[in-house]
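Engineer: Before we start, here is the structure in question, set down as structure tokens.
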Amino acid sequence: MSNPSMRRRVRTAVLISGRGSNMVALVEAARDPAFPAEIALVLSNRPDAGGLDHARQAGIATAVIDHKGFAGDRGAFEAALHQVIADKDIELVCLAGFLRVLTPWFVTRWTGRLLNIHPSLLPAFRGLDTHARALAAGVRIHGCTVHFVTPELDEGPVIMQAAVPVLAGDTAETLAARVLAQEHVIYPAALARVAQGTVRLVDGRVAADDDDTPSTAPLIVPGLPER
Ligand code: GAR
């Protein structure tokens, strides 16, 4: 029987801009030697990103490439980003609250190896303020999506999604917290599948080997009571 701890793990970088709770979820999952990816680098475009400290304490290599040092030259910023990642022999990149829009130059270099987590059920609510917009739209089901990154913002093929109900009395904050708890579940699960090769990007679509059919029980959420 093969020893899972002897399998080569896919070297993965996590790119953050802030507190890094999704990065922490990925780091925690990868502490298991059987997890198919190793978090080999945590990189931030902001020197004050809270998540950097956690990564350092976890003994993970960190790097800061401050976009402000590039005077709006996105090409130079991304070339620096690419260089640091390539120097570390990184094979997969996970965006986790990385708040810089990446240009097609970078995205095409990492096609099929660049993942993002977005706090909505894409293709609904691309962009910012997803929870407030979901509440304003009156949807009863909200959630999060892990997807392959393509040059179009928040448009890449979906790898995994989780849905949560919108509850009476929800604020953007309470809804965000419910969604975030699911982000921490699906991002490690999605990374594991991509790292082990059971989920791939093929001709712009997601192809999967494993039969991951979820429960067929419908998630039915009735309309909100009058407030
Ligand atoms: C997460 O909710 C993530 O989905 C979102 O930023 C937050 C980062 O939190 N990403 C986006 O909105 C990207 N469009 P974290 O730093 O605690 O992981």
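The values are calculated or read from the model by the stated rules, or taken from the named source; none is laboratory data. Predicted model, so just to flag it, every value in this text is computed and none were measured. Cβ sites come from the backbone with ideal geometry, for glycine too, and all protein chains shown count toward neighbours. Quick note on the areas: whole protein, heavy atoms, side chains included, nothing else; ligands and nucleic acids left out. Shrake-Rupley method; radii C 1.70, N 1.55, O 1.52, S 1.80 Å.
Engineer: Leaving out ligands and nucleic acids, note down the accessible area per residue over region 44-148 with a 1.4 angstrom probe, in whole Å². Please list the in-between numbers first.
Structural biologist: Working: 4820 Å² over 105 residues.
Result: 46 Å² per residue.
Engineer: Would you work out which of 160, 115, 36 lies farthest towards the positive end of the dipole of the chain, given +1 charges on the beta-carbon of Lys and Arg and -1 on that of Asp and Glu, about the Cα centre?
Structural biologist: 36
Engineer: Express in whole angstrom the spacing between the alpha-carbon centres of region 12-43 and region 114-170.
Structural biologist: 21
Engineer: Within the chain, what whole-number % of the accessible surface is contributed by carbon and sulfur, with the 1.4 Å probe and all protein chains included in the calculation?
Structural biologist: With neighbouring chains kept in place, the figure for the chain is 54 percent.
Engineer: Can you list residues from other chains, or at least 5 along the same chain, whose modelled amide H is less than 5 Å from the amide H of residue 164?
Structural biologist: 142, 143
Engineer: In the Gaussian network model of the chain, springs joining C-alpha atoms below 10 Å, which of 11, 200, 31 carries the largest mean-square fluctuation?
Structural biologist: Highest fluctuation of the listed residues: 31.
Engineer: Please sort through the DSSP H helices of the chain and keep those with an alpha-carbon extent of at least 18 Å along the long axis and a Kyte-Doolittle average not below 0.0.
Structural biologist: On the way: long enough: 74-87 (19 Å, 0.28); 172-196 (35 Å, 0.52).
Helices meeting the span and hydropathy rule in the chain are 74-87, 172-196.
Engineer: Rank 57, 196, 161 by mean-square fluctuation in a GNM of the chain with C-alpha springs under 10 angstrom and give only the top-ranked residue.
Structural biologist: Looking only at 57, 196, 161, the largest GNM fluctuation is found for 57.
Engineer: What's the Kirkwood radius of the chain in Å, using all Cα pairs?
Structural biologist: One decimal place: 18.4 Å for the Kirkwood radius.
Engineer: Separate question: With +1 on the Cβ of every Lys and Arg and -1 on the Cβ of every Asp and Glu, and nothing else charged, how large is the dipole of the chain about its Cα centre, in debye rounded to the nearest 20?
Structural biologist: Charge dipole, the chain, about its Cα centre: 200 debye, nearest 20.
Engineer: Using all alpha carbons of region 138-227, what is the percent of pairwise distances in each 5 Å bin, ordered from the shortest bin to the longest?
Structural biologist: 3, 12, 19, 20, 18, 14, 8, 4, 2, 0
Engineer: Just the Kirkwood number for region 1-118, please: inverse of mean 1/r across all distinct Cα pairs, in Å, one decimal.
Structural biologist: Averaging 1/r across every pair of different Cα atoms and inverting gives 14.6 Å.
Engineer: Please list, in chain and number order, the residues 5+ apart from residue 37 or on another chain whose amide H is under 5 Å from its amide H, with Hs placed from the backbone.
Structural biologist: 10
Engineer: In terms of solvent-accessible area of protein heavy atoms at a 1.4 angstrom probe, what is the ranking of 213, 171, 12, highest value first?
Structural biologist: Details: 213 100, 171 60, 12 0 Å².
Reading off the accessible areas and sorting them downward yields 213, 171, 12.
Engineer: From the helices alone, meaning DSSP H stretches of at least four residues, give me the mean residue ellipticity at 222 nm for the chain, per-run term -39500 (n - 2.57), in deg cm²/dmol to the nearest 500.
Structural biologist: For the chain, the value works out to -9500 deg cm²/dmol.
Engineer: Name the GluC sites (Glu not before Pro) in region 158-227 that are in a loop by DSSP and that have at most 15 other C-beta atoms within 10 Å, would you? Present the calculation step by step, with values, prior to reporting the outcome.
Structural biologist: Numbers: sites: 173, 183, 226; in loops: 226.
The qualifying sites are 226.
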